[in-house]
Every structure is written in C-alpha cells, then in structure tokens.
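Chemist: Below you'll find the structure I mean.
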Amino acid sequence: MHLYQLQQGIRSMRMLMLMLVTMLPIVALANSAETRTESIDAATKNTAELVQTQRKPWLVSYNQDAITLYKREHKDGLVEIRVHADVKTTFSGFLHLFEDTKHVSKWLHNVDSTKVLSQISMNENIVYTTFAAPWPALDRDMVTYSRYYQQGKRLVLEIRDASEYLAKQSGFIRITQVKSRWELTKLEDGQVFIMYTAFADPGGALPDWLVNQLAIDGAIETFKGLKREIQHYQHLSHPNIVD
C-alpha cells in the first residue's frame with residue numbers, strides 16, 4: 001500500500017469513529033416495539049453491565065469550555081464516555097434539537113439517513129439510522145429504542161440497542177451494544193446541567209485504541225455542536241414538556 005493510501009485510510013477511520021460517537025444522541029429519540037418481558041430482560045442485562053463497570057474509576061480526559069469529559073474501562077478493551085456540561089437551554093429546546101432530523105448534519109457527523117420505524121408512544125420510538133463511512137471502512141447502521149420523561153426540574157432521555165427489531169441489512173455493519181443516557185437538571189438563569197453517558201460497539205475490525213481515542217474526540221465535537229445549534233430552538237415549546 002502506498003503511503004498516500006495509508007494516510008487516507010487512517011483519516012477515514014477517524015471520520016468513521018467521530019460519526020459513531022456523535023450519532024448516539026439522534027438515535028436517542030427513536031426506538032423499540034418490544035414486549036414488556038423483553039424490556040425487563042434488557043433492563044436486567046443493563047443493570048448487570050452497570051454493576052460490572054461501577055468498580056472502574058472515571059478519568060478526566062478533557063476539561064474546557066464548560067465541557068468535562070470522563071472515560072472509564074467498560075469491557076472488551078473499549079471505554080465508556082461520560083460528559084458533564086452547562087448549557088443554556090429549555091427542556092423543550094433540547095428535545096426539538098434532537099427531533100429535528102432534517103438538520104442533524106449541522107452538529108452530527110456523517111449521518112446518511114434516519115427513519116422512524118415505529119412510534120410506540122408519545123415519548124418512545126424506534127429508529128433506523130445509516131451512516132456513509134469513508135473508504136476503506138464499510139457503511140454502518142443502527143437500530144435503537146429511546147424514551148424520555150420529565151420529573152420536575154429533571155429531564156431524562158434513555159437510548160439502547162434495538163437491533164432485534166430489524167434484521168441485518170445487506171451492505172452495512174450493524175453497530176451494537178448501544179447504550180446512552182442524557183440527564184438534564186435545571187440550574188439558575190436558564191442554564192441546564194447535562195450529564196451524558198454513552199457506550200457502543202462499532203463492529204468491524206478497528207483497533208480498540210483507535211476506537212477509544214476517537215470516541216473521546218467525537219463526544220467533544222458533539223457537545224460543541226450541540227451548544228452552538230441548540231440556541232436556534234429556544235423559542236419553541238414542546239407538547240410533552242413543562243418548561
């Protein structure tokens with residue numbers, strides 16, 4: 001392989017992993033038509049995974065611009081990401097940003113298409129998302145379940161893998177083990193404290209060290225884009241939210 005091709009390949013892998021981490025938010029607002037039994041089984045599995053990782057310490061990887069990013073060892077050589085950030089927004093503005101799938105490219109990288117497969121309830125969805133991966137990586141896709149709920153001054157958005165809802169599609173590598181949680185708490189002067197935790201396995205044969213580093217970079221870019229674009233949604237109210 002020529003040096004130029006090698007450099008292009010490394011650059012493409014970086015773009016792919018930035019895409020992987022930044023796509024988690026959008027998938028949040030769209031996912032799963034599973035039975036109650038399956039939901040209980042999934043919750044039990046997620047609880048077991050949480051217990052497994054609780055013993056691992058969170059390590060600070062980034063602390064600038066009111067954004068603090070932590071990482072910790074998860075499993076199989078990959079890391080879990082947590083971000084703390086202060087953002088000026090209403091809860092309604094936050095949800096409208098996520099639900100505006102036509103403009104996600106302004107703050108999320110390499111999203112090719114997003115399709116709601118099922119509207120389970122007013123606050124639950126299943127979504128299918130595809131990503132156009134640059135050479136030499138293969139395109140990725142993802143199926144996720146999400147739900148949000150408000151408890152007074154607190155808004156929670158939970159996302160998890162729903163790959164069982166749709167068979168693997170030809171030409172795509174399925175992203176699996178998706179698990180993400182956004183927890184927003186109202187502060188003073190219109191500020192909101194956001195705690196975001198995420199993990200996903202991009203599949204394929206990318207080395208763990210590259211996946212982990214680019215997951216960190218991608219999460220940082222996600223929050224920079226969120227803080228920049230969310231201001232455009234502050235005039236909107238949401239039918240399911242009390243601001």
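Chemist: Could you give the length gained on full extension between Asp139 and Gln213, defined as 0.36 nm per residue of separation minus the Cα-Cα distance, in nm?
Modeler: 24.6 nm
Chemist: If you don't mind, there's one more thing I want to ask. Starting from the Cα-Cα distance between Lys75 and Leu236, subtract it from 0.36 nm times their residue separation and give me the gain in nm to one decimal.
Modeler: Between Lys75 and Leu236, full extension yields 53.9 nm more.
Chemist: Search the structure for amide H atoms under 5 Å from the amide H of Arg140, placed 1.01 Å from N in the peptide plane, and list their residues when 5 or more places away or on another chain.
Modeler: Correct list: Phe131, Ala133, Ile173.
Chemist: Now for a different question. Report Thr222's accessible area, 1.4 Å probe, all protein chains in place, as a number in Å² to the nearest 10.
Modeler: For Thr222, the solvent-accessible surface is approximately 0 Å².
Chemist: Need the list of lysines near Lys75 for cross-linking: C-alpha distance under 18 angstrom, and skip anything on the same chain fewer than eight residues off.
Modeler: Once the sequence-local lysines are set aside, what remains near Lys75 is Lys45, Lys56, Lys179.
Chemist: What order do His103, His235, His84 take when sorted by accessible area (1.4 Å probe), most exposed first?
Modeler: These residues rank, largest area first, as His235, His103, His84.
Chemist: Another question, then. Could you check the spin-label model distance between Glu229 and Lys186? Points 7 Å from the Cα along Cα→Cβ, value in nm.
Modeler: Placing both labels 7 Å along Cα→Cβ, they lie 2.6 nm apart.
Chemist: Counting only the heavy atoms of the protein chains, how much of His232 is accessible to a 1.4 Å probe, in Å² to the nearest 10?
Modeler: Looks like 110 Å² after rounding.
Chemist: Suppose the chain between Met195 and Thr68 were pulled fully straight at 0.36 nm per residue; how much longer would it get relative to their current alpha carbon spacing?
Modeler: The span from Met195 to Thr68 would gain 44.7 nm if fully extended.
Chemist: Then there's this: Which lysines, on any chain, are close to Lys168 with Cα under 17 Å apart, when same-chain ones fewer than 8 places away are left out?
Modeler: Counting by Cα, and skipping residues close in sequence, Lys168 has these lysines nearby: Lys115.
The values are calculated or read from the model by the stated rules, or taken from the named source; none is laboratory data. All figures in this text were calculated on a predicted structure; none of them were measured in a lab. When we count neighbours, we look across all protein chains shown, and the Cβ atoms used for this are built from the backbone with ideal geometry, even at glycine. These area figures cover heavy atoms from the full protein model, side chains too; ligands, DNA and RNA do not enter into them. Shrake-Rupley method; radii C 1.70, N 1.55, O 1.52, S 1.80 Å.
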